Amino acid sequence: MLLKPLLKFEKLQVCHIRRRANRFLVEVENGGEILLAHLANSGRLEQFLKPRTLCLCLPQERPAKSQLRLIASGEGEYWSILDTRTHMLSFEKALESEFIPWLKGWKLKGRNVRLMDSLIDYLLKKSDQELFLEIKGAVMLKGDLALYPDAPSLRGKKHIQALMDHARKGGGSAILFISSLPKVRAFSPNEETDPRIALLLRQAQGEGVIIRAINLVLDSRNWEVLLLDQDLPVFLGS
């Protein structure tokens, strides 16, 4: 187990899930008080948002529609990170610290970079090479596999297609799936939920798109984000 520390939280509050109010708001309870927590994740996340499930929330610096930001869910030593902003910040720290072997030497050149008619999360640079890199959260658990997506995703298909088209022309393209599940052995596309994405990923890999995965968790002992696996195996099926 790798256990590379990436980020540390100082003011996390333990709450209980009450219900998902809408796509980006979750009703939580903290010490008998009912509050709204912003959820920066558009997935269904049904495994994590069941009533009475424990969650970790961070006070919002500028409360508006919500007083809190929902960061993680679970129990025990390691919690699953649901907040996509935390995924991104953790990835950037891992990249900067060269904790991800296949990205060693690559530097961040841009965020939310346009590629054809899509916005891709990152543009990386190494010497005279460039790499468009899209991050996807894989926080659905099935057996010991981390799956993506947990709901059909038009946006996901659009990103994969754009990266595949770029790779077909000789450009550098990559997709990194971020799992945040304590006990997983590999990543796999969720063929049952979105078979088209599974097919596109296999086609993209055949066209030269790099497809990799990592595993992050939140350590409940000190509220640190840990990199558990810097190269989680990827099974795309056939």
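Taken together, the values in this text are just the output of simple stated rules run on the coordinates, not laboratory data. What you see is a predicted model, and the numbers here were worked out from it, not measured in a lab. Every residue, glycine among them, receives a Cβ derived from its backbone with ideal geometry; neighbour counts consider all protein chains shown.
Could you pull out every residue, at least 5 positions away or on a different chain, whose amide H is within less than 5 Å of the one on LEU181? Hs are placed 1.01 Å off N in the peptide plane, and Pro or chain starts have none.
LEU216
Considering only ALA40, ALA21, ALA151, give the residue with the highest GNM mean-square fluctuation for the chain, with springs between Cα atoms whenever their separation is below 10 Å.
Between ALA40, ALA21, ALA151, it is ALA21 that shows the largest mean-square fluctuation.
Please list, or write none, the aspartates and glutamates whose alpha carbon is within less than 18 Å of the alpha carbon of LYS169, excluding same-chain residues fewer than 8 places away.
ASP117, ASP128, GLU130, GLU134, GLU207
Kindly provide the helix-only [θ] at 222 nm of the chain, computed as the sum of -39,500 (n - 2.57) over DSSP H runs of four or more divided by all residues, to the nearest 500 deg cm²/dmol?
Working: 3 runs with 40 residues, N = 238.
When only DSSP H runs of four or more count, the value is -5500 deg cm²/dmol.
What is the distance in Å between the Cα centroid of the range 48-65 and that of the range 96-132?
Centre-to-centre distance over Cα atoms comes out at 31 Å.
Given DSSP loops and a limit of at most 16 other Cβ atoms within 10 Å, what is the longest stretch of the chain that contains no such chymotrypsin sites (Phe, Trp or Tyr not before Pro)? Please report the intermediate quantities before stating the final value.
Details: sites that count: PHE9, PHE24, PHE235.
In short, 25-234.
Can you give the longest run of the chain that contains no trypsin sites (Lys or Arg not before Pro) sitting in a DSSP loop with at most 12 other Cβ atoms inside 10 Å?
Values: sites that count: LYS11, ARG23, ARG52, LYS65, LYS104, LYS169, LYS183, ARG221.
Longest site-free region, per DSSP loop and neighbour criteria: 105-168.
If you place +1 on the Cβ of every Lys and Arg and -1 on the Cβ of every Asp and Glu, how big does the dipole about the Cα centre of the range 126-238 come out, in debye to the nearest 20?
Working: 14 positive and 14 negative charges, 44 e Å.
That gives the range 126-238 a dipole magnitude of about 200 debye.
Net charge around TRP102, counting only other residues with Cβ within less than 9 Å of its Cβ (Lys, Arg = +1; Asp, Glu = -1)? Write down the numbers at each step before the final one.
Details: positive: LYS104, ARG212; negative: ASP231.
Within the 9 Å Cβ shell, the charges total +1.
In terms of modelled amide H atoms, which long-range or inter-chain residues lie less than 5 Å from the amide H of ALA186?
The list, which skips near neighbours in sequence, is ALA146.
Taking only Cα atoms and a 10 Å spring cutoff, compute GNM fluctuations for the chain and point out the largest among LEU176, LEU119, LEU49.
Comparing LEU176, LEU119, LEU49 in the GNM, the peak value goes to LEU119.
Exceeding 28 Å between C-alpha atoms, which entries from my cross-link table qualify? They are LYS4/LYS50; LYS8/LYS65; LYS107/LYS158; LYS125/LYS183; LYS50/LYS109. Spell out each step's value before the answer.
Details: LYS4/LYS50 30 Å; LYS8/LYS65 25 Å; LYS107/LYS158 25 Å; LYS125/LYS183 33 Å; LYS50/LYS109 39 Å.
Going by Cα-Cα distance, LYS4/LYS50; LYS125/LYS183; LYS50/LYS109 fall outside the 28 Å limit.
Given the options LEU154, LEU226, ALA167, identify the residue whose Cα lies farthest towards the positive end of the charge dipole of the range 84-229 (+1 on Cβ of Lys, Arg; -1 on Cβ of Asp, Glu).
ALA167
Using the Cα centre of the chain as the reference point, and only Cβ charges (+1 on K/R, -1 on D/E), how large is the resulting charge dipole? Debye, rounded to the nearest 20.
Values: 35 positive and 28 negative charges, 95 e Å.
About 460 debye.
Mind listing the phi-derived Karplus ³J(HN,Hα) values for the range 5-11, rounded to whole Hz, using 6.51, -1.76 and 1.60 with θ = phi - 60°, and x for any glycine or proline?
In residue order, the calculated couplings are x, 10, 9, 9, 9, 10, 10 Hz.
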